[in-house]
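Colleague: Please read through the structure below; I'll follow up with questions.
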Amino acid sequence: ISARALFAGRSAVEPAALEELTSAARFLAQRHPLIFRELAVQGLPANATTLAALNQGPVGGQNHFTDRLYGEYRTLGFSSEEALGALIANQRAAAALNRSWEAPKSFKGKVRPIADVEEMALPDFLERMMPYMQGKLRAFLRCRGMIFSGDLKKYANNLAFDMYCAAKKFQVPVTFLLAIAHQETWYANVLGDANRSASPFQIYEPTRALICASMAKLGFVPPPGGIRLEHHLTMATYMAAFHLRELMQEAYEPARGKRPAMVNMDKVLLRYNGSSRYAKHVASRQNELARFLANQAKSNSRDASAS
């Protein structure tokens, strides 16, 4: 199907071109099954081979996150070729960004990364964080008298997956995304600020425009300006992680003498929310998460001893 579409009108095709197309199809089928499922119906666009050449990640994790971003671009009106082009541009831009941005190891301020969270592999992260987030969501819904009509477990799992992958993509501590989303909405995907803030990260409408402009400046393909982030949770998480990295870079303090380079998280959170009390509130959410993990570890230890 792809060969007929790409080489229409030719009387002959070089075997090398067919082999490249076959390799790209095989790669997409193995690494990006959600993308391949759609493209296989009408054939691979010409730039599918470029995506296959760029992506060298593991089978799970980031590749599945890329699939989810592809779906977001498609629902935003991008053609399949345009959506693949956006993914290619984003991968190149992220690689360039990570070459120029060294993930900080030292922080100051009220909020710090939780080592246990940062060291988790994705399967462990999902297994341990999904129940935590699901519990917070249930409490939020009870408090607001709201009913969630979908699958709450699936929602929490998808959000946890997106947060982990977006944080790793932009080299920011996933602890911060967890604590911010807890403080903002208890992980619920809601509107706020007279409906001008959206998603669990409560990205404010003017801030959304700034994030899109920054993304475009660095070579990423931002979503359309009028995007309703409450309908595009993966994109919202992607943008939140990008924005957090940008704020961390602005609050970066180079090494001086014996003091190592560090990021001032109080400044980051002040810029994120605008309130001088915000860092304190986010720190309380971080401490709540740390206590949950400690209690979880104790419970697992008791279960292991009992068995």
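Colleague: Just the residues that are open to solvent by 70 Å² or more (accessible area, probe 1.4 Å) and among the small types (G, A, S), please, taken from region 191-208.
Modeller: A194 - this is the single residue of region 191-208 that is open to solvent by 70 Å² or more (accessible area, probe 1.4 Å) and among the small types (G, A, S).
Colleague: Can you confirm whether K258 is modelled with pLDDT of 95 or more, more than 18 Å from I114 (Cβ to Cβ) and open to solvent by 50 Å² or more (accessible area, probe 1.4 Å)?
Modeller: Here the answer is no, as K258 does not meet what is asked.
Colleague: If you go through region 261-269 one residue at a time, do you hit one that is surrounded by 16 or more Cβ atoms within 10 Å (Cβ to Cβ), without any contact (Cβ under 8 Å) to a residue 60 or more places away in the chain and within 26 Å of F125 (Cβ to Cβ)?
Modeller: There is no residue in region 261-269 that is surrounded by 16 or more Cβ atoms within 10 Å (Cβ to Cβ), without any contact (Cβ under 8 Å) to a residue 60 or more places away in the chain and within 26 Å of F125 (Cβ to Cβ).
Colleague: Take E127 and decide whether it is assigned to a helix (DSSP H, G or I), open to solvent by 80 Å² or more (accessible area, probe 1.4 Å) and of a type outside the set (S, T, Y).
Modeller: The answer is yes for E127.
Colleague: How about region 1-46: which of its residues are surrounded by fewer than 17 Cβ atoms within 10 Å (Cβ to Cβ), within 20 Å of G85 (Cα to Cα) and touching a Gly at 6+ places or on another chain (Cβ under 7 Å)?
Modeller: A5, L34
Colleague: Of (1) without any contact (Cβ under 8 Å) to a residue 24 or more places away in the chain; (2) farther than 24 Å from E102 by Cβ; (3) of a type in the set (K, R), R285 satisfies all except one. Which?
Modeller: If we test R285 against (1) without any contact (Cβ under 8 Å) to a residue 24 or more places away in the chain; (2) farther than 24 Å from E102 by Cβ; (3) of a type in the set (K, R), just (1) comes out false.
Colleague: Which residues, taken from region 172-226, are part of a helix (DSSP H, G or I), closer than 25 Å to K153 by Cα and not charged (D, E, K, R)?
Modeller: Across region 172-226, the qualifying residues are V174, T175, F176, L177, L178, A179, I180, A181, H182, Q183, T185.
Colleague: Please go through region 280-307 and give me each residue that is over 22 Å from the mean Cα position of the chain (by Cα) and closer than 12 Å to R112 by Cα, ordered by number.
Modeller: Passing the criteria: K280, S284, N287.
Colleague: Can you tell me which residues in region 147-157 are aliphatic (A, V, I, L, M) and either surrounded by 11 or more Cβ atoms within 10 Å (Cβ to Cβ) or touching a Ser or Thr at 6+ places or on another chain (Cβ under 8 Å) (or both)?
Modeller: Answer for region 147-157, where residues must be aliphatic (A, V, I, L, M) and either surrounded by 11 or more Cβ atoms within 10 Å (Cβ to Cβ) or touching a Ser or Thr at 6+ places or on another chain (Cβ under 8 Å) (or both): L152, A156.
Colleague: Then there's this: Inside region 89-114, can you point out the residues that are open to solvent by less than 40 Å² (accessible area, probe 1.4 Å) and either among the hydrophobic types (A, V, I, L, M, F, W, C) or part of a loop (DSSP other than H, G, I, E, B) (or both)?
Modeller: A89, A93, A94, L97, W101, A103, P104, S106, F107, G109, V111, I114
Colleague: Right, something else. Those residues that are surrounded by fewer than 18 Cβ atoms within 10 Å (Cβ to Cβ) and either of a type in the set (G, A, S) or within 15 Å of L229 (Cα to Cα) (or both), I need them from region 77-86; list them, please.
Modeller: Passing the criteria: G77, S79.
Colleague: Kindly evaluate A160 against the criterion of being open to solvent by less than 30 Å² (accessible area, probe 1.4 Å) and in contact (Cβ under 8 Å) with a residue 60 or more places away in the chain.
Modeller: Taking the combined requirement at face value, the residue does not satisfy it.
The values are calculated or read from the model by the stated rules, or taken from the named source; none is laboratory data. Nothing here was measured: the structure is a model prediction, and the numbers come from that model. Backbone-built Cβ (ideal geometry, glycine too); neighbour counts: all protein chains shown. Quick note on the areas: whole protein, heavy atoms, side chains included, nothing else; ligands and nucleic acids left out. Shrake-Rupley method; radii C 1.70, N 1.55, O 1.52, S 1.80 Å.
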